[in-house]
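**Q** What follows is a structure written as structure tokens; I'll ask about it next.
Each reported figure results from applying straightforward, stated rules to the coordinates on display, with no laboratory input. All of these numbers come straight from a predicted model, not from anything done at the bench. FYI the Cβ positions are ideal-geometry reconstructions off the backbone, even for glycines, and counts take in every protein chain you see.
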Amino acid sequence: MNCPATLRHFKAGMMLSGVGDALGYRNQVWEYNQSGVAIHQELLELGGLKNINAKLPDWPVSDDTVLHLATAEALATGKEGEELLHEVASNYVEAMKDMEGRKPGPSSILGVSQLRPGTEGGYRVPYNPEGTGCGAAMRSMCIGLRYPHPEQLPWLVAVAVETGRMTHPHPTGFLGAVASALFSSYAVQRRPLLTWGLGLIKEACPVARKFVQSQGFAVEETERDWGYFTEKWEWFLQLRGLSTGSGPVVWPEKYGPAERDEAYKTFSLSGWAGRSGHDAPMIALDALLGSGADWEELMSRAGFHGGDSDSTAVIACCCWGLLYGTEGVPECNYSNLEYRGRLESSAEKLYALSHKEK
């Protein structure tokens with residue numbers, strides 16, 4: 001992890017995000033299983049993680065990866081500003097044609113149906129007080145690969161906010177996109193994990209708030225609903241002893257699958273762990289903090305819990321791949337992954353773009 005992020009790390013980040021998605025989803029079986037204990041038992045019966053060949057038809061990627069690719073492939077064109085936002089919107093419209101058996105969320109379906117790429121302001125949708133879900137968070141890690149440098153924070157935030165609110169205009173939803181993009185940029189920067197959460201609420205969120213105000217779109221509603229995201233993150237950092245960004249991490253005495261299920265529910269908006277924009281990246285960070293370079297432990301914490309397990313895994317595994325590459329990951333977990341070629345190709349283009357501008 002001390003070595004700089006290379007092309008190998010970028011490719012691992014994008015590819016393993018898809019792996020985490022496919023494994024956490026298990027073709028709809030595990031995403032909707034509310035018991036991490038039951039999932040771990042089923043995993044044992046399959047012969048463990050080392051025995052899973054993540055390939056079609058049993059292990060498809062979900063809507064998370066299809067929409068993450070839509071974001072990544074738009075960014076990979078090198079377009080900027082409104083031209084980029086129309087490209088992303090167009091890709092989201094196209095991506096919704098590839099949702100058979102992938103279970104997109106209601107806000108994603110509604111938001112994309114309202115997009116009008118190519119028309120003036122057509123990348124914006126009306127404010128949705130229900131748009132608090134994790135659909136923006138799960139598809140935004142690649143933004144941190146396009147804008148990975150500390151001085152690019154304003155660009156990262158602007159793109160994450162605008163692409164996030166194409167489907168999730170509520171701040172609990174679109175700030176999840178900011179979190180995922182930020183965390184992947186931090187992984188590239190090799191910034192200490194203990195500081196990631198503090199960086200989110202002290203550095204990125206204020207930039208996001210000013211950006212929203214500067215755009216003059218749905219400012220009043222956004223301001224009204226702003227507080228929950230940052231307050232919940234402050235609560236989480238206090239819980240883990242990370243309010244100053246220095247640690248050490250405070251863990252419960254026992255923190256196995258059953259205890260994590262209960263803990264993750266307390267992170268959540270309404271009891272469905274990882275379902276919202278604030279807690280999908282929160283569970284991902286919790287898992288990264290607790291697993292170090294251990295792939296199996298990461299998946300145990302981020303991908304095999306009673307909640308929106310593919311959405312928490314897609315974020316955690318992208319960051320993990322950026323930090324550690326594929327070392328220690330069983331080849332069968334990724335060698336035949338659906339859309340592996342597209343994931344790696346977009347990583348190569350994002351790596352080239354991010355290094356061209358350094």
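**Q** Pick out which of Lys232, Lys103, Lys210 has the largest mean-square fluctuation in a Gaussian network model of the chain, springs linking Cα atoms closer than 10 Å.
**A** Of Lys232, Lys103, Lys210, the most mobile in the Gaussian network model is Lys210.
**Q** How much length is gained on full extension from Asn51 to Val93, taking 0.36 nm per residue of separation minus their Cα-Cα distance?
**A** On the way: separation 42, 0.36 × 42 = 15.12 nm, distance 3.60 nm.
Separation in residues times 0.36 nm, less the Cα-Cα distance, equals 11.5 nm.
**Q** Right, something else. Can you pull the one-decimal nm distance between simple spin-label points at Glu100 and Ala293, each 7 Å off the Cα toward Cβ?
**A** Distance between label points: 4.3 nm.
**Q** Same structure again: Considering only Ala263, Ala177, Ala76, give the residue with the highest GNM mean-square fluctuation for the chain, with springs between Cα atoms whenever their separation is below 10 Å.
**A** Answer for the Gaussian network model of the chain: Ala263.
**Q** Got the relative contact order for region 7-356 handy, in percent, Cα pairs under 8 Å and 6 or more residues apart? Before the final figure, lay out each step's value.
**A** Details: 681 pairs, mean separation 109.0, N = 350.
Across region 7-356, relative contact order equals 31 percent.
**Q** Given the Cα-Cα distance of Leu353 and Ser243 and 0.36 nm per residue of separation, how much length would full extension add, in nm? Each step should come with its number before you reach the end.
**A** Numbers: separation 110, 0.36 × 110 = 39.60 nm, distance 3.43 nm.
Net length gain for the segment: 36.2 nm.
**Q** If you count, for each residue, the other Cβ atoms within 10 Å and average over each peptide, how do 179-187, 330-338 line up from highest to lowest?
**A** On the way: 179-187: 29.9, 330-338: 17.6.
In descending order of packing, they fall as 179-187, 330-338.
**Q** Taking the alpha-carbon distance from Lys265 and a cut-off under 17 Å, which lysines remain once sequence neighbours fewer than 8 residues away in the same chain are dropped?
**A** Lys232, Lys254
**Q** Here's a follow-up. Expected output is a single nm value to one decimal: the length gained when fully extending between Glu223 and Gln189, i.e. 0.36 nm times separation in residues minus the C-alpha distance. What is it? The partial results should precede the final answer.
**A** Working: separation 34, 0.36 × 34 = 12.24 nm, distance 3.08 nm.
Here the answer is 9.2 nm.
**Q** At a Förster radius of 22 Å, what calculated FRET efficiency corresponds to the Cβ-Cβ distance of Leu44 and Trp251, to the nearest 0.05?
**A** Plugging the Cβ-Cβ distance into 1/(1 + (r/R0)^6) gives 0.40.
**Q** What residue among Ala293, Ala54, Ala302 has the largest mean-square fluctuation in a Gaussian network model of the chain, using Cα springs under 10 Å?
**A** Ala293
**Q** Of Lys50/Lys79; Lys55/Lys356; Lys210/Lys356; Lys79/Lys103, which pairs sit farther than 32 Å apart, going by alpha carbon to alpha carbon? Kindly include the intermediate steps, with their values, before the conclusion.
**A** Numbers: Lys50/Lys79 40 Å; Lys55/Lys356 34 Å; Lys210/Lys356 28 Å; Lys79/Lys103 30 Å.
Pairs exceeding 32 Å: Lys50/Lys79; Lys55/Lys356.
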